[in-house]
Amino acid sequence: MTKMNCYPLLAILLICSISAKGQKTKLEVDVTHSIAEIQPTMYGIFFEDINFAADGGVYAEMIKNRGFEFDNPKMGWQEPNSNSYGFNKKSGIANIIKSSTDASSNNFCRVSIENDSGYVLINEGFRGMGIKKNAKYRLSLMTKNSKLEIQKVRIHFVDETGQVLGECSITPEARDWKTYTATLVATETNPKVVLKITFEGNGVIDLDNISLFPVNTWKGRENGLREDIVQLLADLQPGFLRFPGGCIVEGRTLAQRYQWKKTVGPLWDRTLLINRWNTEFGHRPTPDYFQSFGLGFFEYFQLAEDLGAEPLPILGCGMACQFNTGELVPLADLDPYVQDALDLIEFANGPADSPWGQVRNSMGHPEPFNMKYIGIGNEQWGPEYIERYAIFEKAIKEQYPDIVIISSSGPFPEGDFFEYGTSELKKLNAEIIDEHYYNTPEWFRDNATRYDDYARGGAKIFAGEYAAQSVRTTSPENKNNWECALSEAAFITGLERNADLVVMTSYAPLLAHQDGWQWTPNLIWFNNLEAYGTANYHVQKLFSNHRGNELLAISTFDGKVVAGENDLFASSVKNTNSGEIFVKLVNTSDKKQQLEIDIKNQQLEGTATALILSSDQLTDENSFENPKKIIPRESELSAINNHLSLEIDPYTFMVIKIGLE
Ligand code: AHR
């Protein structure tokens, strides 16, 4: 696909007879011969807390810096009527108390109110808060009203004009720390309100852990996730959930690495950490990006379970991100890191009375999560990785021989690091090697044959992070445009044709906040009210929802794979449970193409359904304004005996579903 000019949207004509004009490509699918089993994990999702994906994103907490624990502990909070350089006789002022002994743990906020008619404390949310008319929001907060000077705490949604769009109050009747809850009902829909807190009474009151969630979270959980975003994930029917990253696993420094043990157990005991993407890119500063770990490892496992996806946690291996400091833990000091991996397996799979199984049990999940996979290192490279990986591998396999270990081939799919890493990992009998590809759309089209000649019989492949970049990797100008999505579709036919080798695949990154992102492109965009799937999302969904369980050969009549000749790409699978075959076709050319497909050795039901994803221009994108610009449309086509004739429009991806008799 070289031309970038526009094309009118041509209806795809699905016809029963051979078209009289144009070049025809004849394809055949052998239904009786299964080449390989397609793993249920073939299409999954990769979640990393980047772009406000967790805090400010799928984690439905609406208060930013709820525990006053950010490096700047008042970040996210405003006192419009207070002055740091005065006694605030007409209002009041808050101070942050750093306490290691107080029951509220760490920081809390001490509000001294001089005049309750003038003092206001505001939380700005994650670039505002989105509220929906008539929806309920559950507020909880801790107060310590030592002298009972404050009679009421009032909480309001307020829009940019100061109008109140919902309110509630609590009566802080206890002198010591106590948690109170109340419900706000939104009177309007608004994407950017703030939460205003006022007080009745003059004096001092301590506040902590001020939290606000929609009542309607995914599955109604109190410490829950955003329903709309999780629904988009569920609709993908992901075979696995890789979490929590990405570079976030490694940290910019070892001190800032992701430590799963600090993310489980009681919510308020989880230790906040700066998000490494807070400071990564000068072009998208996000100084207010932290990890509260309200979405921690328990919640990730729970999400995987909800989605019917295999959990795939990735753990650091004693190496900080090699794009940053690359700090290394000496081999002699690696034991605690290895122990973290062993303990995680116990947390996920151990009996409810085992030390870490007990933690899981205390969080409400006595049954094991049946974790089968673990990733050691994210995008590590060099001998430093190999020697550390080998230590993890030995320890894990000794204790848990059935756990499948995912290893890393580094950040690039070719070159020195890649060659070295994969050859060393193979010597260590690595089971599944994670490969990452961020490259041009053209690279994706050209690499549809990447795995056709890969060696078999050794490690399997996890295409763990990939996305076509319309400008270049990490450019803030990258778009989720149709050219990228279509090129990924072409590439994925190559992954699918090699499903005997490629057993897991996932696009990256998964989520991005409209106002809080650092990286683009991303699979799903959201703001505080809405979320939509990109064209790339719909490509993923079409493949994933039609993954099948047996790989079929689809070839030209002279026996060649369909991987770029005439800008056509194809793969085919069978679902033996539903008795269907799915043929995936991608036309990356600027021309309509005529196809004839023979289904060998099989009578067809008489009709077939085409799910067609296409757009007028390669630069087209879905957006908040037009979230359904590029979505699949359905069309019926007839099959005569075992034969289909059809035309496929320029720049089109389609899945044909054919029922078998
Ligand atoms: O997906 C964004 C980043 O890209 C991931 O954190 C990392 O693994 C890769 O370099």
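The table below lists the values:
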| item | result |
| --- | --- |
| Amide proton proximity set for Asp434, modelled H, under 5 Å, gap of 5+ | Ser407, Ser408, Ser409, Phe462 |
| With all protein chains modelled, accessible area of His643 [1.4 Å, Å²] | 40 Å² |
| Longest to shortest principal axis, alpha-carbon extents of the stretch 386-509, angstrom | 47, 30, 25 |
| Rg/Rh (Cα only; Kirkwood hydrodynamic radius) as it applies to the stretch 317-380 | 1.10 |
| Accessible area of Ser362 in the full protein assembly, 1.4 Å probe (Å², nearest 10) | 90 Å² |
| Calculated FRET efficiency for the pair Gln399/Glu305, C-beta based, R₀ 22 Å, to 0.05 | 0.40 |
| Whole-number percent relative contact order across the chain, with pairs defined as alpha carbons under 8 Å at least 6 apart | 18 percent |
| Size of the stretch 414-457 as Cα extents on the principal axes (Å, biggest first) | 34, 21, 15 |
| Percent of Cα pairs exceeding the 19 Å cut-off, where the set is the stretch 559-661 | 47 percent |
| Ranked packing of 177-186, 455-464, 585-594, most packed first, by mean Cβ within 10 Å | 585-594, 455-464, 177-186 |
| Pairwise FRET efficiency - Phe323 versus Asp159, Cβ, R0 = 41 Å, nearest 0.05 | 0.50 |
| Amide N proximity, the stretch 201-215 versus Asn81 label position 7 Å along Cα-to-Cβ, cut-off under 20 Å | 201-207 |
| Proximal lysines to Lys394, defined as alpha-carbon separation beneath 26 angstrom and excluding residues fewer than eight positions away on the same chain | Lys261, Lys262, Lys372, Lys426, Lys427, Lys460 |
| Sequence of Leu273, Leu501 when ordered by accessible area, the most exposed leading, probe 1.4 angstrom | Leu273, Leu501 |
| Aspartates and glutamates with Cα under 19 Å of Lys560, excluding same-chain neighbours fewer than 8 positions away | Glu28, Asp30, Asp446, Asp452, Asp453, Glu496, Asp500, Glu596, Asp598 |
| Inverse of mean 1/r across different Cα pairs in the stretch 99-230, Kirkwood, Å | 15.5 Å |
| Fraction of accessible area attributable to carbon and sulfur, the stretch 426-492 (%, probe 1.4 Å) | 45 percent |
| Highest to lowest packing among 196-205, 50-59, 620-629, scored as the average C-beta count within 10 Å | 50-59, 196-205, 620-629 |
| Out-of-range pairs (alpha-carbon distance over 29 Å; input Lys591/Lys628; Lys132/Lys196; Lys98/Lys132) | Lys98/Lys132 |
| Trp268 versus Arg456: modelled label distance in nm, points set 7 Å from Cα along the beta carbon direction | 5.9 nm |
| Dipole moment magnitude, nearest 20 debye, the chain about Cα centre, only Lys, Arg, Asp, Glu C-beta charged | 1400 debye |
| Global size of the stretch 138-215 as Cα Rg and Dmax, reported in angstrom | 13.0, 39 |
| Counting all C-alpha pairs of the stretch 47-107, share separated by more than 13 Å (%) | 71 percent |
| Taking all pairs of distinct alpha-carbon atoms in the stretch 344-428, Kirkwood radius in angstrom | 14.2 Å |
| More than 20 angstrom apart: percent of Cα pairs within the stretch 255-352 | 49 percent |
| DSSP beta bridges in the chain [antiparallel fraction, %, rounded to 5] | 75 percent |
| 5 angstrom amide H check on Gly201, placed H, neighbours 5+ away | Asp116, Gln151 |
| Whole-Hz couplings from phi, Karplus 6.51/-1.76/1.60, listed for the stretch 312-323; x for Gly and Pro | 10, x, 10, 10, x, 10, x, 9, 6, 3, 6, 7 |
| Heavy-atom accessible surface of the stretch 167-221: percent carbon and sulfur, 1.4 Å | 48 percent |
| Stretch gain in nm, segment Ala135-Asp598, where the contour uses 0.36 nm per residue and the Cα spacing is subtracted | 161.3 nm |
| Over the chain: helical MRE at 222 nm, DSSP H runs n ≥ 4 each giving -39500 (n - 2.57), nearest 500 | -5000 deg cm²/dmol |
| Average accessible area per residue (Å²) across the chain - probe 1.4 Å, nucleic acids and ligands excluded | 37 Å² |
| Area accessible to solvent at Trp356, 1.4 Å probe radius, in Å² | 60 Å² |
| 3J(HN,Hα) from dihedral phi, the stretch 623-631, Karplus parametrisation 6.51/-1.76/1.60, rounded to Hz, x for glycine, proline | 7, 4, 6, 9, x, 10, 4, 10, 9 |
| Dipole of the stretch 16-166 [Lys/Arg +1, Asp/Glu -1 at C-beta], most positive-end residue of Val58, Met129, Ser91 | Ser91 |
| Alpha carbon convex hull of the chain, projected area averaged over orientations, nm² | 31.0 nm² |
| Heavy-atom SASA rank of Glu188, Glu488, Glu398, Glu346 (probe 1.4 Å, accessible area, largest first) | Glu398, Glu188, Glu346, Glu488 |
| Per residue Cα convex hull volume in Å³ - calculated over the stretch 519-559 | 122 Å³ |
| Accessible-area ranking of Asp269, Asp434, Asp598, largest first, probe 1.4 Å | Asp269, Asp598, Asp434 |
| Pairwise label distance in nanometres, Glu37 with Val471, each label 7 Å out on the Cα-Cβ vector | 4.6 nm |
| Distance between modelled label sites at Thr189 and Asn429, nm, 7 Å Cα→Cβ extension | 5.8 nm |
| The stretch 159-265 - convex hull of the alpha-carbon atoms, volume per residue in Å³ | 215 Å³ |
| At R0 = 35 Å, FRET efficiency that the Cβ-Cβ distance of Ser100 and Asp335 yields, to 0.05 | 0.80 |
| Cα-based convex hull, the stretch 360-404, per residue volume (Å³, whole number) | 99 Å³ |
| Amide proton proximity set for Val31, modelled H, under 5 Å, gap of 5+ | Lys600 |
| Whole-percent carbon and sulfur share, accessible surface of the stretch 574-618, 1.4 Å | 35 percent |
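The values are calculated or read from the model by the stated rules, or taken from the named source; none is laboratory data. Source: prediction; values computed, not measured. When we count neighbours, we look across all protein chains shown, and the Cβ atoms used for this are built from the backbone with ideal geometry, even at glycine. The accessibility values were calculated without ligands, DNA or RNA, using every heavy atom of the protein model including side chains. Shrake-Rupley method; radii C 1.70, N 1.55, O 1.52, S 1.80 Å.
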